[in-house]
Amino acid sequence: MKRAFAQVAWGLIFTLVNIRINGFDLLHDLIGYVLILAGLSKLSRHHRGFRIALPVAWIRFVLTIAALFGVRYEVSLTRGESPDIGTISLTALAMVVELVLFYGICDGIRGMALEKGKKAIASRAGSLWRWSFALGALLLFCMPFQLNYILGEIWPILMLFALGLLVTHLLLIFLLFRAGRVFGNYGGAGSDGETVGT
Amino acid sequence: MRIKAIYGLIAGVILISWIGNFWYYESNKLPSPGFLRHYVEMMAIPFSPIELLYVANNDDERKPVNVQIDELPELRFDPLQVHQELRRQTIYVLRGYIQEDAMTERTAKEPLRLRTATVYYNDGSVRDEEIGEIVVYREAWPLDTSVDSPIAMMSSGNSSGNEGFSTVKAERPVRLEGVASALLDRLGAAFQYEIETDSSGAELSEGQSVKLSYRFRLSQEDRMNVYRLLLKETFVEPNGEKYEYTVFANYLPYPSESEMRAYVREERRGGE
């Protein structure tokens, strides 16, 4: 189980960090989602939350493949862009999918932590989800205004939301490593074959 | 239950933001792209270009690539260029020139009044489009260069406030008979001009000047039209010989975002 948590955490790192050399992304999102899928497929046996996260991780995986063929699902909120309806809708869809992925992972960690009496981890997972949801909802609220207004004018506020979301990503990665360490020690020292009822 | 209600409320607010913005976005789209209305006079001679303005939504794929006017085969258009880019719409310009090498000898003919043009689009379609009214003066070609004009240009200018002037000087005694343009009646009070002379009346002695000042006073609705008047000042020498001096009065629309929104609203109302 420790390995499964680590896979999800490393997967998130790959999706979060872009190290480009001559335009080539050394930590490509595709590798990140393969790791997340690998980790979630093992964790989905342990809690309902991970079972929610698994199919949406597949959707993100498909979107990442689509991006390789030129499909754009990212819009800068601060560059004063005027995206078309298709791009902005796809960006919103990708964000909703990511929020559901977050919910699934946080709910899974929280549920497992409560079963094992790890209230601190459960509480951390709960609050992480609430912050992610709040910031994601604010960005989703602001996003369609780009169709009609130049949001670059309020970039400091938007930057704050985006930075907040980045911090929640980082905290989730730490939480995943921590969960792997804590839950991996229960019933079989990190064996992926173990089963824990939910 | 309370949590679900909060999530539902937030989802509702986001949904309202999306629906509202989509509605506003759609209601500010032109129902169909097309040419602005042009009220233009031109001379069918080289170096007298014509500009046709075409407005389209930024996400419209179809754009004109060429224009042909059957009555003026020597008029050729340059590729489409951007005249002004706005948040949702772009105004393009097609600039046409009379090609000197395509001109053939001709005697002066009656002016042409063009209302449609054949437009070729990038999707391969060809359509006859309404362009307004273009008055084309067809003088004799080649031009008579032996004319010894009693008038010489002194200065001219125009401003972004849609005003301009032109001052000419008499080289020998002449009388200013009047100013004419085929579009003066159409424009009415929307176009004003004044004449000031150094002399007390219309008679000019050698060295005296006449200044023609003009200004466009267009209503909100007319501001999206293209205007070019050829103001022909007619001078008569004591021996009865007539000369024309032409002053170009141009107006090209550069709408603000709110003016474009008003234009879109008007077009949408017209399409209903």
Q | Answer residue from segment B:150-181, given it is touching a strand residue (DSSP E or B) at 6+ places or on another chain (Cβ under 6 Å), in a loop (DSSP other than H, G, I, E, B) and more than 14 Å from B:Thr234 (Cα to Cα) and is least open to solvent (accessible area, probe 1.4 Å) among those | A | B:Asn162
Q. Hey, any hits in segment A:129-145 for a residue that's in contact with a Cys (Cβ under 7 Å, 6 or more places away or on another chain) and either without any contact (Cβ under 8 Å) to a residue 60 or more places away in the chain or within 12 Å of chain B (Cβ to nearest Cβ) (or both)?
A. yes
Q: Out of B:Ile45, B:Ile50, report the one residue that is at pLDDT below 90 and either crowded, with 17+ Cβ neighbours inside 10 Å or touching a Leu at 6+ places or on another chain (Cβ under 8 Å) (or both).
A: B:Ile45
Q. Restricted to segment B:218-242, and to residues that are over 20 Å from B:Glu133 (Cα atoms) and of a type in the set (Asp, Glu), which residue is least open to solvent (accessible area, probe 1.4 Å)?
A. B:Glu233
Q: Would you mind finding the one in B:Gly12, B:Gly20, B:Gly8, B:Gly34 that is of a type outside the set (A, V, I, L, M), open to solvent by less than 70 Å² (accessible area, probe 1.4 Å), free of Cβ contacts under 8 Å to residues at least 12 places away in the same chain and in contact with a helix residue (DSSP H, G or I) (Cβ under 9 Å, 6 or more places away or on another chain)?
A: B:Gly20
**Q.** Residue under evaluation B:Tyr25, criteria (1) open to solvent by less than 10 Å² (accessible area, probe 1.4 Å); (2) not assigned by TED's automatic domain parsing to the domain that holds B:Asp123, criterion not met
**A.** (1)
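When residues of segment B:106-153 are filtered for being without any contact (Cβ under 8 Å) to a residue 12 or more places away in the chain and under 30 Å from B:Thr197 (Cβ atoms), how many remain? If you could, list the steps in order and put the result at the bottom.
First, the residues of segment B:106-153 that are without any contact (Cβ under 8 Å) to a residue 12 or more places away in the chain: B:124, B:126-127, B:144-146, B:148.
Add one more test, that the residue is under 30 Å from B:Thr197 (Cβ atoms), and what stays is B:144-146, B:148.
Of the residues in that region, 4 qualify.
Based on this model, can you work out whether B:Asp59 counts as out of contact with any helix residue (DSSP H, G or I) (no Cβ under 7 Å at 6 or more places or on another chain), part of a loop (DSSP other than H, G, I, E, B), open to solvent by 60 Å² or more (accessible area, probe 1.4 Å) and within 14 Å of chain A (Cβ to nearest Cβ)? Reasoning before the result, please.
Working: out of contact with any helix residue (DSSP H, G or I) (no Cβ under 7 Å at 6 or more places or on another chain): yes; part of a loop (DSSP other than H, G, I, E, B): yes; open to solvent by 60 Å² or more (accessible area, probe 1.4 Å): yes; within 14 Å of chain A (Cβ to nearest Cβ): yes.
In short, yes.
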Q. Does segment B:1-24 include one or more residues that are within 30 Å of B:Phe216 (Cα to Cα), away from chain A (no Cβ under 14 Å) and either assigned to a helix (DSSP H, G or I) or more than 19 Å from the chain's Cα centre (by Cα) (or both)?
A. no
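Considering each residue of segment A:36-64, count those that are open to solvent by 60 Å² or more (accessible area, probe 1.4 Å) and at pLDDT below 90, and give that number.
1
Just checking, which of B:Tyr245, B:Tyr227 is at pLDDT 90 or above, in a strand (DSSP E or B) and farther than 21 Å from B:Leu52 by Cα? Give the derivation first.
Details: B:Tyr227 fails: farther than 21 Å from B:Leu52 by Cα.
Result: B:Tyr245 is the single residue among B:Tyr245, B:Tyr227 that is at pLDDT 90 or above, in a strand (DSSP E or B) and farther than 21 Å from B:Leu52 by Cα.
Condition check: out of contact with any Gly (no Cβ under 8 Å at 6 or more places or on another chain) and charged (D, E, K, R). Does B:Lys211 satisfy that? Before you say what the answer is, go through the steps one by one.
On the way: out of contact with any Gly (no Cβ under 8 Å at 6 or more places or on another chain): yes; charged (D, E, K, R): yes.
Answer is yes for this residue.
Yes or no: A:Val75 open to solvent by less than 50 Å² (accessible area, probe 1.4 Å), under 21 Å from A:Ser132 (Cα atoms) and either under 13 Å from the mean Cα position of the chain (by Cα) or at pLDDT 85 or above (or both)? Show your work before the answer.
Working: open to solvent by less than 50 Å² (accessible area, probe 1.4 Å): yes; under 21 Å from A:Ser132 (Cα atoms): yes; either under 13 Å from the mean Cα position of the chain (by Cα) or at pLDDT 85 or above (or both): no.
Here the answer is no, as A:Val75 does not meet what is asked.
Take segment B:25-53 and flag every residue that is more than 14 Å from chain A (Cβ to nearest Cβ) and charged (D, E, K, R).
Restricting attention to segment B:25-53, the residues satisfying the condition of being more than 14 Å from chain A (Cβ to nearest Cβ) are B:30-53.
If the condition is that a residue be more than 14 Å from chain A (Cβ to nearest Cβ) and charged (D, E, K, R), then B:Arg37, B:Glu41, B:Glu51 are the ones that fit.
Each row is one residue, and each column tells you yes or no for (1) closer than 23 Å to B:Ile10 by Cα; (2) open to solvent by less than 10 Å² (accessible area, probe 1.4 Å); (3) among the aromatic types (Phe, Trp, Tyr).
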| residue | (1), (2), (3) |
| --- | --- |
| A:Leu90 | yes, no, no |
| A:Ala94 | yes, yes, no |
| A:Glu98 | yes, no, no |
| A:Gly104 | yes, yes, no |
| A:Ile109 | no, yes, no |
| A:Ala113 | no, yes, no |
| A:Lys119 | no, no, no |
| A:Ser123 | yes, no, no |
| A:Trp129 | yes, no, yes |
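The values are calculated or read from the model by the stated rules, or taken from the named source; none is laboratory data. Here the structure is a predicted model, which is why all the values come from computation and not from measurement. All Cβ positions, glycine included, derive from the backbone under ideal geometry; neighbour counts span all protein chains shown. For accessibility, only protein heavy atoms count, side chains too; no ligands or nucleic acids. Shrake-Rupley method; radii C 1.70, N 1.55, O 1.52, S 1.80 Å.
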